[in-house]
Amino acid sequence: MATIQVEGRGKATATPDEIELQLTVASFLPEYGQALEDLDRKIVSLKDAFVSSGLERATIKTQDFSVNIEREYREDGKDHFSGYRATHTLVVRVPLDRQVLNALLAACPASDATPEVNIRFRIRDQLELQRQALEAAFIDARKSAELLARSSGGALGELVEILYGERRGPTTQNYRVSQEAGRISYCKVSYADQIEPENIVCSEVVSATWKVLNLNEAM
């Protein structure tokens, strides 16, 4: 029995409906305890500012925390101890709303944290978007298989096998704001009004094998 194996590609798009803020706060001081204490003070200040803007404290999560020794190279040809750099990255996810985003960005200068901010636009139901892309990939594979089967003088028979190919999940749209830009420039109330996120795209690839029937079998 002849078979035919084809690859189908499918995409699905969706409008972002969720904002993810990644906020990295750092402290650099010569003493280990001082660095941790200063970092903790900044984090508490930032969380308090967010709560004052209407955000629930329980929704502010820690994504990363680290303390590293930093050294500097001097003219004597040796590395010398400079101090301890402590960093704490918070993550906040809220529904996509420009007023909410503006309020959160405006809360940054109300604290002493001066965080680096990474804004990601996402969709909450990523599995549904992947399902749509997967379905589109299979439909594309079947259409190609039917065309090839007819071109060979036969007809498409029963499905034999399905395999996943390269897979790409939903993308996110990122916007990064460095603390080096200055507080006023990235925390003004209308900042989010200038951001237009693109649609989220999910791509799927499916490899499928069908039997190919000759004309007599197809009848």
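The values are calculated or read from the model by the stated rules, or taken from the named source; none is laboratory data. What you see is a predicted model; the values in this text were computed from it and never measured. Every residue, glycine as well, gets a Cβ built from its backbone with ideal geometry; the counts of neighbours run over all protein chains shown. For accessibility, only protein heavy atoms count, side chains too; no ligands or nucleic acids. Shrake-Rupley method; radii C 1.70, N 1.55, O 1.52, S 1.80 Å.
List of remarks:
- Extended-chain gain in nm, criterion 0.36 nm per residue less alpha-carbon gap, LYS61 and PHE28: 9.6 nm
- Taking 0.36 nm per residue of sequence separation and removing the Cα-Cα distance, the MET1/GLN99 pair yields an extension gain of 29.0 nm.
- In angstrom, the C-alpha Rg and Dmax of the stretch 69-151 are 25.8, 78.
- Residue separation of ILE162 and VAL44 scaled by 0.36 nm, minus their Cα-Cα distance, works out to 37.3 nm of gained length.
- A simple spin-label model places pseudo-atoms 7 Å from Cα toward Cβ; at ARG150 and THR15 they are separated by 3.7 nm.
- D_trans [Stokes-Einstein, Kirkwood Rh over alpha-carbon pairs] for the stretch 1-150, 37 °C, 0.692 mPa s, µm² s⁻¹: 170
- Taking all protein chains as shown and a probe of 1.4 angstrom, VAL201 keeps an accessible surface of around 50 Å².
- The lysines within cross-link reach of LYS143, meaning a Cα-to-Cα straight distance under 21 Å and a gap of 8 or more places when in the same chain, are LYS11, LYS211.
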